[in-house]
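Read the structure below first, then the notes.
The values are calculated or read from the model by the stated rules, or taken from the named source; none is laboratory data. This is a predicted model, so every value here is computed, not measured. In this analysis, Cβ positions are derived from the backbone assuming ideal geometry, glycine residues included, and neighbour counts consider all displayed protein chains.
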Amino acid sequence: MPTTANMSYSNQKLEPVYDPDLARQRAVAIAPGQSVPRGAVLGELTASPGVYSAYNASHSDGTQIAKAICTYDITTDSSGNVTLSATTSQTAGPYGDGFAGQTAPVYVSGVFNTAELVGLDATAIVDLGARFEQGSLTAGGILHIP
């Protein structure tokens, strides 16, 4: 029986641990000039409602409040156009290989492995209204975002 993966893919979709069909996503604009990894915690910019950027608890621009989780690795150009990698191999809805557009999919609810989330801290957990199904932030946590 093989012990290593015989296939690997870059830029796979972040998948919820439990009940992926019950996780909710929405499409949002991402701030210009960003490179955001899948699983990144995002906040909404106060000066640009509806535009999201990486969560940072020490900022005061709106991104200090966690609101969503990035579904794919994405980059935005100076105009805020979103691009997913051309090697995306797992897709959802309109987001396929080399997708480019004005918005990106983000999770606003679901159950996730904390090891796959980027920038998650205790404040973000409170902001998201989340709770642990098992484990903790540092010990194999399974986080439920309602």
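Among A23, A29, A54, which is the only one that is closer than 10 Å to A68 by Cα and among the hydrophobic types (A, V, I, L, M, F, W, C)? Checking each option against the conditions leaves just A54.
Scanning region 28-72 for residues that are surrounded by 16 or more Cβ atoms within 10 Å (Cβ to Cβ) and on the phi > 0 side of the Ramachandran plot yields G39, G62.
If you go through region 100-125 and pick out every residue that is in a strand (DSSP E or B) and in contact with a helix residue (DSSP H, G or I) (Cβ under 9 Å, 6 or more places away or on another chain), you end up with 2. Residue count for region 39-61 under the criterion of being assigned to a loop (DSSP other than H, G, I, E, B) and within 16 Å of D121 (Cα to Cα): the result is 6. Could you go through region 75-98 and let me know if any residue there is modelled with pLDDT of 95 or more and under 17 Å from E15 (Cβ atoms). No; the residues of region 75-98 include none that is modelled with pLDDT of 95 or more and under 17 Å from E15 (Cβ atoms). Going by the structure shown, is Q25 within 22 Å of G141 (Cβ to Cβ), out of contact with any helix residue (DSSP H, G or I) (no Cβ under 7 Å at 6 or more places or on another chain) and surrounded by 12 or more Cβ atoms within 10 Å (Cβ to Cβ)? When the stated conditions are applied, Q25 passes them. Of the residues making up region 126-143, those that are in contact (Cβ under 8 Å) with a residue 60 or more places away in the chain and assigned to a strand (DSSP E or B) are E133, I142.
In region 56-69, the residues that are in contact (Cβ under 8 Å) with a residue 12 or more places away in the chain and more than 18 Å from A104 (Cβ to Cβ) reach residues that are buried (at least 16 other Cβ atoms within 10 Å of the Cβ) and of a type outside the set (A, V, I, L, M) with C-beta atoms within less than 6 angstrom, at least six apart or across chains, in these pairs: N56/T63; A57/Q64; I65/G43; I65/D127.
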